[in-house]
1. When you scan region 42-65, how many residues do you find that are under 13 Å from ALA107 (Cβ atoms) and either free of Cβ contacts under 8 Å to residues at least 60 places away in the same chain or not charged (D, E, K, R) (or both)?
2. Checking the conditions here, which among PHE122, PHE104 is among the aromatic types (Phe, Trp, Tyr) and crowded, with 17+ Cβ neighbours inside 10 Å?
3. Does GLU114 satisfy the criteria of being among the charged types (D, E, K, R), over 22 Å from SER20 (Cα atoms) and surrounded by 19 or more Cβ atoms within 10 Å (Cβ to Cβ)?
4. For region 90-142, give me the residue count where each residue is closer than 22 Å to THR63 by Cβ and charged (D, E, K, R).
5. Would you confirm whether or not region 104-123 contains a residue that is modelled with pLDDT under 90, out of contact with any Asp or Glu (no Cβ under 7 Å at 6 or more places or on another chain) and not in a helix (DSSP H, G or I)?
Amino acid sequence: MASYFSWPGGTSGAGQLQSSGMLTKEQLLQLFRDFASVLALPETKNRLAEAISDKQEAVNVTTEIQEELFLKMGVDPKFGIESLGKVNIVYADDRDLMIQFYQFVSAEEMACEEAELGPEAFARKMEEVKKSQQQVSANKMT
């Protein structure tokens, strides 16, 4: 997998990669923070848009990014992705982590949707969603 990011620090595959057990809460929180930072980068938005224009799935790009982040953390990428599928089971009782996990999932979905719709259409859609939420809130108050 060719990296298109210049990662400062990290293990970047040096030494033994974690490939068993379960990711710790700290590892997951680091992944969530790093992923949010990477999603905000213009180069990431461009890469997602390029994938869409090349008739590829944007989620493939976000998965590649997650795999790169796992490598940076010293985690085998395949194991890391598999572990994400177990978060809602292993950490079901950790409310704060689960909230952050769903924010992580939502951020990925939003980045993919923005790439698919384009920035202008995505901004319009988000404005419509915001208006709908405000109407629902206003109706609850009456």
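1. Taking region 42-65 first, the residues under 13 Å from ALA107 (Cβ atoms) are 44-45, 48, 58-59, 62, 65.
Right, trim to either free of Cβ contacts under 8 Å to residues at least 60 places away in the same chain or not charged (D, E, K, R) (or both) and you get 44, 48, 58-59, 62, 65.
Qualifying residue count for the region: 6.
2. Working: PHE122 fails: crowded, with 17+ Cβ neighbours inside 10 Å.
Of the residues listed, the single one that is among the aromatic types (Phe, Trp, Tyr) and crowded, with 17+ Cβ neighbours inside 10 Å is PHE104.
3. Working: among the charged types (D, E, K, R): yes; over 22 Å from SER20 (Cα atoms): yes; surrounded by 19 or more Cβ atoms within 10 Å (Cβ to Cβ): yes.
For GLU114, the condition - among the charged types (D, E, K, R), over 22 Å from SER20 (Cα atoms) and surrounded by 19 or more Cβ atoms within 10 Å (Cβ to Cβ) - is met.
4. So the answer is 5.
5. yes
The values are calculated or read from the model by the stated rules, or taken from the named source; none is laboratory data. Since the model is a prediction, treat every value here as computed from it, not as a measurement. In this analysis, Cβ positions are derived from the backbone assuming ideal geometry, glycine residues included, and neighbour counts consider all displayed protein chains.
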